[in-house]
1. At 222 nm, what helix-only mean residue ellipticity would chain B give, in deg cm²/dmol to the nearest 500, using -39500 (n - 2.57) for each DSSP H run of four or more?
2. Counting other beta carbons within 10 Å of each Cβ, put A:57, A:176, B:224 in order, fewest first.
3. Output needed for the stretch B:167-299: three equivalent-ellipsoid semi-axes, defined as square roots of 5 times the C-alpha gyration tensor eigenvalues, in descending order, whole Å.
4. Explain nothing, just the number: relative contact order of the stretch A:66-151, from Cα pairs under 8 Å at least 6 residues apart, as a whole percent.
5. I'd like the orientation of helix A:309-321 relative to chain A: the angle between its Cα long axis and the longest Cα principal axis, in ° from 0 to 90, rounded to 10.
6. Specify the angular offset, from 0 to 90 degrees and rounded to the nearest 10, of the alpha carbon long axis of helix A:173-186 from the longest principal axis of the alpha carbons in chain A.
7. Label-point separation (nm) for residue B:19 and residue A:341, each offset 7 Å from Cα along Cα-to-Cβ?
8. Can you give the log10 of the normalised intensity I(q)/I(0) at q = 0.07, 0.08, 0.10, 0.14 Å⁻¹, computed with Debye over equal Cα scatterers of chain B?
């Protein structure tokens, strides 16, 4: 009897302990964990706000530097171990990532991402879909571009700093080249119109009709060839300063005022100009250039094997459609959104002191509507860098003619990607 | 008291087991697996599809593979010859009795080896940057040049720059190995030569050098193996591009790009084994050359 009693009391105690232990940690156990990978510190702000809204969700945010982010991401997607529920992807790698068969189909229920896409700019909608038209990710950032210019320089050399009037002066490459030549002469070789040939490439790149690869065949869009001619002309007429993008001379030029125009997308304002030339606040303006263009952007995608698809989608929806959060993000972080509706609401009130009080949301809204949808392929990132290298070789004279350049380009592409048909 | 028979328990295997287990898992298995992959076409998402010898045939006719091999060899030879000679001279000098503060010199010469290769590449890239590099600013300050020179656009110069980084980084390391070798040479021989009235130069060529031969062979073989795998320095120096004109694209960079940016694992593995064969050939060549010379001398 005593034995039985002892056993009974032991079991009771054990049960009690389990229940109590369960109680004390129940909140932790119930809290769902959302795993996110990112390469940009922008994520911190969003995650913070998301957790304020959803205290019941525990977000595990892993930051990996951009240098090897994609390699790491692709590796975990290949082996399907430790895959994050949601991951950020930069636009240059996005065409490659969105074709990977491990990304959740967001077009279908319960997501019906098509409804979200309707609120966004047309060019972003195109990028969010894979080759079969299925939505594979959501862009939270709007990235239309404009020509950032130093007001003091345009005042001195063009006689105006008004964005509308400046836009008239730079409405074609011919006009920009003429300005460049004149400014160089008047400034004794100190001031250039553009920083490097990639400025031309960035603007024109949005206007291509055909991607690099069509039906497994290499295609060189005439727009790209035209960029080479423009770049050559700009180099010969010394319109470009030849500062490497993101190099020390390039960043210094913003502060020094040795370059008049920088075609850059929305995020250039905080990430390029304000950070590199803080002392020149108020001396900048923003004007439309020869063509509408976009640059960069970030997409959120979901792992299709995730066990937390509900909260993963909650986060993605929050980052792309939540009005309160997005307004907050736009106002406090100067963040231009992919959500056109909210940008339009804010267009009237948001001005930038750095841009001399210009209504930049209004400006980018106009630009965003005009941005054409440039078709992309998974090969883009690799082929773009081969193309850029060859253009550099041509501009620097190592490849004598444009024909040589194109030949060298074709040879290299054909060699690296035997599956692509290249007509020699 | 003492057992007359030798203890032959198998405990010893237990102690050496960790190395072999780690080697099997992280060394041998990946080697065998990539050998298997070299006969397949695989992007990491699908199952590897067997393609037979196709990757090797592609490798054989791949202009860029041969070019990267040439780049690697050119970079390696330009760095290794001064590296092995300068370090030998330094080692012999620092081995002399009359030199004061030897250990300080040894440590100072070894310092570059401690610096991470990647940070060296970045540092040099900044120094030789076109518009804002300190080297151009220095030359312009001295009035030697008027416009900044586009150093990073000169294939031969950039190859030489990679060689210089390698030389600077490894001469101290080679020197330490030589000093270890020199310490193994009996003082008796050197003293006997001295008593016979041999000059320092004569002692060096007739005693030190022949006795250092195994050390030199070791240095040559390890530097072939290391030199064929040059990666970090050119990668960080050129931001991964291997430019200008693919002149600084080494074989391992080519392998890396193929397998981990273009995701052609099969072909990447074939490049790895192609490189392996090249290293084996060069190692055998250096062994036989050394042995031939020894035999000739014995005859």
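Laboratory data are not the source of any read-out in this text; all were calculated from the coordinates shown. None of these values were measured; they are calculated from a predicted model. Cβ sites come from the backbone with ideal geometry, for glycine too, and all protein chains shown count toward neighbours.
1. Details: 14 runs with 201 residues, N = 299.
After summing the helix terms and dividing by the residues of chain B, the value is -22000 deg cm²/dmol.
2. Details: A:57 17, A:176 25, B:224 21.
Ordered by Cβ neighbours within 10 Å, fewest first: A:57, B:224, A:176.
3. Working: eigenvalues 341, 63, 22 Å².
With the √(5λ) rule applied to the stretch B:167-299, the semi-axes are 41, 18, 11 Å.
4. Numbers: 49 pairs, mean separation 19.7, N = 86.
The value is 23 percent.
5. Rounded to the nearest ten degrees, it is 40.
6. That helix lies at roughly 70 degrees to the long axis.
7. Simple spin-label model gives 6.8 nm for this pair.
8. Values returned for q = 0.07, 0.08, 0.10, 0.14 Å⁻¹ are -0.41, -0.53, -0.78, -1.17.
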